[in-house]
């Protein structure tokens, strides 16, 4: 790939990014432990900070200071030295692949009375169906 192709691809990616909603404002809500982001299309996004890599163990004081960067494409938490992609949050990506894998693993191991009851009922029917060979 030559230099002009690289520039063309970069301009196309930049134009695509510019068309997507971006952060207009962002704040931390300590009562609910959520990050609230108002987008340029007037939609608000609420994300539990426990799901966001780099923010999950942060104090409320550290989460209060949020800078909007890159025309709203990123949120910067200066006290934590953490940058969060707004487009990633919109797409449901809360961190690296390893982080997302760990979130999924934790979600699958949740124990509740409803889940236990469903497992007992499934057991009465012979348990989990066997995979077809």
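Values in this text are rule-based calculations from the coordinates and carry no lab data. Everything numeric in this text was worked out from a predicted model, so none of it was measured. No Cβ is skipped: glycine too gets one built from the backbone with ideal geometry, and neighbour counts run over all protein chains shown.
Residues of segment 1-39 being under 27 Å from residue 60 (Cβ atoms) and in contact (Cβ under 8 Å) with a residue 24 or more places away in the chain, which ones? It would help to see each step written out before you state the result.
In the first step, residues of segment 1-39 are kept if they are under 27 Å from residue 60 (Cβ atoms); the result is 21-39.
Hits for segment 1-39 are 21, 22, 23, 24, 25, 26, 27, 28, 30, 35, 37, 39.
Looking only at segment 67-81, which residues are in contact with a strand residue (DSSP E or B) (Cβ under 6 Å, 6 or more places away or on another chain) and over 13 Å from residue 38 (Cα atoms)?
Once the filter is applied, which keeps residues that are in contact with a strand residue (DSSP E or B) (Cβ under 6 Å, 6 or more places away or on another chain) and over 13 Å from residue 38 (Cα atoms), segment 67-81 yields 67, 69, 76.
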